[in-house]
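None of the figures in this text is laboratory data; all of them are computed from the coordinates on show. Since this is a predicted model, take the numbers as computed values, not measurements. Quick reminder, even Gly has a Cβ in these numbers, built from the backbone with ideal geometry, and neighbours come from all protein chains shown.
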Amino acid sequence: MSGSESELEPEINKPHPKGLIRILDAFIFSMKGYKAAYRYEESFRIEVGFGIILFPLGFWLGDNAIERAILVMPLILVLVAELLNSGIETTIDRFSVEHHPLSGRAKDIGSAACFTAQMSVLLIWGMMLYDKFS
């Protein structure tokens, strides 16, 4: 067994909570993640701000559950993309803040995911608003 394998064994063999405790732990970790993203990521704070305005507007503009879901889902997608991008950036910065082409590529790809999600908001909201008011 190599040294790296034996270093992983205690983590693999560590007992994990089960049932409701596991669900509660996952919830607590998720809340810590939201708190960290809001505290350290300006983009996440900005997107939450837009969400605070657009979520209720989406529920008001939608005539039925399907339209409301179509308007709200891309807003959630933006937050998910930003959380994943922030996780990628944090992980890369943990190892080195020096510029490396692969680190830059990973960060750029994460940024592209956020941009794509943001463009989905513009596209979907634009189509829905055009249909509603044309």
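Listed by chain and number, the lysines whose C-alpha is less than 18 Å from the C-alpha of LYS35, apart from same-chain residues fewer than 8 away, amount to an empty set.
About its Cα centre, what dipole magnitude does the stretch 42-133 give when the only charges are +1 on Lys and Arg Cβ and -1 on Asp and Glu Cβ, stated in debye to the nearest 20? Please list the in-between numbers first.
Values: 6 positive and 10 negative charges, 13 e Å.
Charge dipole, the stretch 42-133, about its Cα centre: 60 debye, nearest 20.
Applying 1/(1 + (r/R0)^6) with r as the Cβ-Cβ distance of LEU61 and ILE109 and R0 = 30 angstrom yields a FRET efficiency of 0.40.
Could you grab the relative contact order for the chain? Cα pairs under 8 Å, six or more apart, rounded to a whole percent. Walk me through the numbers on the way to the answer.
Working: 62 pairs, mean separation 28.5, N = 134.
So the answer I get is 21 percent.
How would you classify the stretch 19-134 from its alpha-carbon gyration tensor, with a ≥ b ≥ c the square roots of the eigenvalues: rounded for a/c under 1.5, else prolate if a/b is greater than b/c, otherwise oblate? Oblate, because a/c is 1.5 or more while a/b does not exceed b/c. Once the Cα-Cα distance is subtracted from the 0.36 nm per residue extended length, the ARG94 to ILE23 segment shows a gain of 22.8 nm.
Give the residues of the stretch 80-99 whose amide nitrogen is closer than 12 Å to a point set 7 Å from the Cα of ALA36 in the direction of its Cβ. Answer for the stretch 80-99: 84, 86-94.
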